[in-house]
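A short write-up of the structure that comes next.
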Amino acid sequence: MTIPITNPFKIVVKRQGDVCIHTFISSYEGNNIANATHIIESANTLVVIDGQFLRPYAKKFREYADSLKKPIDRVYLSHRHPDHWFGLGDAFSDVDIYAPIETIEFLKQHGEASREDHIAKIGADLAPTQVVIPEHVAKAGIDVIDGVKYVVERVVDTEIDYAITLKLPDYGVYIVQDLIYSGTHLYVTKYIDHWVAILEDMLSSDYEIFLPGHGFPADKKEVTANVKYLTAAKLAIDDGLRDDAYKQFMLQRFPERECPAIFDIYIPRLFDGAPEY
């Protein structure tokens with residue numbers, strides 16, 4: 001697989017008082033899938049959400065965090081898909097990492113197998129050199145870090161079986177990661193109905209800024225677009241479309257969305273029972 005490494009997008013999403021919210025997005029070019037990771041900068045510290053996929057982008061993300069010249073309090077790892085935890089080993093192994101208990105157990109059991117599997121797929125230069133196991137469980141509830149309130153919520157059966165999201169109620173920002181794919185094709189799973197229900201709850205929430213795991217910061221228009229996408233995917237699957245026929249249908253139905261390589265990642269898992277790592 002050839003994935004060009006280009007300059008990432010670095011976006012200041014919102015400034016309010018001592019808080020600045022940053023988003024870092026890897027390239028859309030080639031077969032990349034526009035991973036989006038985030039930094040919550042407060043008066044004295046940083047909180048990082050996820051760690052990028054490819055090693056060069058992970059290192060660039062850490063360089064960006066270090067350029068803010070504040071210590072990193074912690075990293076929240078949203079879920080166990082490798083495009084979110086691979087970068088932790090080479091860029092954030094010196095930082096406390098908080099993750100769902102299921103993600104921690106998965107990495108203990110399958111992390112190294114996933115790393116080795118991806119070396120064959122993307123090459124040793126892009127894959128992580130080590131697997132870091134988070135030492136802290138991200139529990140549902142409220143974390144207050146440097147005066148900023150984070151509402152940590154567990155979410156099940158959406159784009160992944162177990163994940164966490166983070167709300168910043170004092171800033172109107174909802175860090176949803178892979179619950180939303182902003183402007184890109186989605187990683188579809190068997191949990192479409194429940195996933196749509198969660199997205200519909202977002203539409204009735206007080207939040208207006210949604211930070212996704214892929215693509216640019218989103219609004220409720222993009223949440224609605226994700227609902228439409230998942231609804232179309234479910235209809236296609238229910239009509240018996242599989243594999244390339246399903247892929248071609250979705251590409252034709254949503255030609256405006258980026259990162260078509262995502263189909264080749266999830267279709268073997270959705271239809272053929274391929275391993276989750």
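Annotations for the structure displayed:
- Rounded Å value of the spacing that divides the Cα centres of segment 205-277 and segment 1-77: 23 Å
- Sequence-separation-based contact order of segment 1-73, relative, with Cα cut under 8 Å and 6+ spacing, percent: 24 percent
- Flagged links, alpha-carbon separation over 31 Å, of Lys60/Lys139; Lys14/Lys139; Lys69/Lys190; Lys121/Lys220; Lys14/Lys247; Lys10/Lys234: Lys69/Lys190; Lys121/Lys220; Lys14/Lys247; Lys10/Lys234
- Treating r as the C-beta distance of Arg269 and Tyr64 and R0 as 30 Å, the FRET efficiency rounds to 0.45.
- Under the Debye formula (equal points on every Cα, no solvent term), log10 I(q)/I(0) of the chain at q = 0.08, 0.12, 0.14, 0.15 Å⁻¹: -0.30, -0.70, -0.98, -1.14
- Nitroxide proxy distance, nm - points 7 Å out along Cα→Cβ at Val144 and Lys10: 3.2 nm
None of the figures in this text is laboratory data; all of them are computed from the coordinates on show. Being a predicted model, the structure only gives us computed values, none of them experimental. Quick reminder, even Gly has a Cβ in these numbers, built from the backbone with ideal geometry, and neighbours come from all protein chains shown.
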